[in-house]
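A.B. asks: Can you keep this structure in mind? I'll have questions shortly.
The values are calculated or read from the model by the stated rules, or taken from the named source; none is laboratory data. These numbers were taken from a predicted model, which means no experiment stands behind them. Virtual Cβ from ideal backbone geometry, glycine too; neighbours counted across all protein chains shown. These area figures cover heavy atoms from the full protein model, side chains too; ligands, DNA and RNA do not enter into them. Shrake-Rupley method; radii C 1.70, N 1.55, O 1.52, S 1.80 Å.
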Amino acid sequence: GTPVKEIEVSAKKYEFTPAEIEVPVNTLLRLHLKATDKEHGFELKSVKDSCVKFKPGAPATLEFYADKAGELEFNCCKSCGMGHGKMKGKLVVK
C-alpha cells in the first residue's frame, strides 16, 4: 500500500507550526490541523478547493497525495486578522 505520513499542524495568529513540512514523493500526507486561538484555514495554494477550516476544539484532517517532487506553498484561507496574508508555510516533496 501507499506509505502514509501523519503530521500534526497547529495554527495560531499568524503562523503554522511546523511552517515547513517535508514528505517523500508518492506518500499520502495526512495533516491533523488544530487551531489554538481562533478559527483558521489551511489550503495548498496550487490545489484547487483544498481549503479546510478548523477552530479550537474542532480539529480537521486534510489528506494530500504527494505524487510529484517540488515545493508547494500553503496558507491560511480563513481571514484571521491583520497578519493573515503572512500566515503561510511550505510543503517540500522530495
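A.B. asks: Carbon-plus-sulfur fraction of the accessible area of the chain, 1.4 Å probe, in percent?
C.D. replies: The C+S portion of the solvent-accessible surface of the chain is 51 percent.
A.B. asks: For labels at THR2 and ASP67 in the simple 7 Å Cα→Cβ model, what's the distance in nm?
C.D. replies: Calculated label separation equals 0.8 nm.
A.B. asks: Give me the percent of DSSP beta bridges within the chain that run antiparallel, rounded to the nearest 5.
C.D. replies: Counting only bridges with both partners in the chain, antiparallel ones make up about 65 percent.
A.B. asks: Rounded, prolate or oblate: which one fits the stretch 48-94, using the alpha carbon gyration tensor with axes a ≥ b ≥ c (rounded when a/c is under 1.5, else prolate when a/b beats b/c, else oblate)?
C.D. replies: It is oblate, given that a/c is not under 1.5 and a/b is not larger than b/c.
A.B. asks: Turning to a different aspect of this structure: Please calculate the 1.4 Å probe accessible area of THR61, with all protein chains present, and give it to the nearest 10 Å².
C.D. replies: Using a 1.4 Å probe on the heavy atoms, I get roughly 80 Å².
A.B. asks: Please report the net charge: other residues with Cβ closer than 14 Å to the Cβ of THR27, K and R +1, D and E -1.
C.D. replies: Local charge sum for THR27: 0.
A.B. asks: Going Cα to Cα from LYS94, which lysines come in below 21 Å? Please leave out same-chain ones fewer than 8 positions away.
C.D. replies: LYS5, LYS45, LYS68
A.B. asks: What does the C-alpha gyration tensor say about the overall shape of the stretch 1-47? Classify as rounded when a/c is under 1.5, otherwise prolate if a/b is larger than b/c, or oblate.
C.D. replies: Note, shape of the stretch 1-47 comes out prolate.
A.B. asks: Can you order the peptides 34-43, 76-85 by their average number of other Cβ atoms within 10 Å per residue, highest first?
C.D. replies: 34-43, 76-85
A.B. asks: Still on this structure, please answer the following. Can you list the aspartates and glutamates whose alpha carbon is less than 16 Å from that of LYS12, not counting same-chain residues fewer than 8 positions off?
C.D. replies: List returned: GLU20, ASP37, GLU39, GLU43.
A.B. asks: With every protein chain left in place, what is the accessible area per residue of the chain in square angstrom, probe 1.4 Å?
C.D. replies: 57 Å²
A.B. asks: Follow-up. Here are some values of volume of the Cα convex hull per residue in Å³: (i) 83; (ii) 109; (iii) 96. Which one was computed from this structure?
C.D. replies: After the calculation, the listed value that fits is (i).
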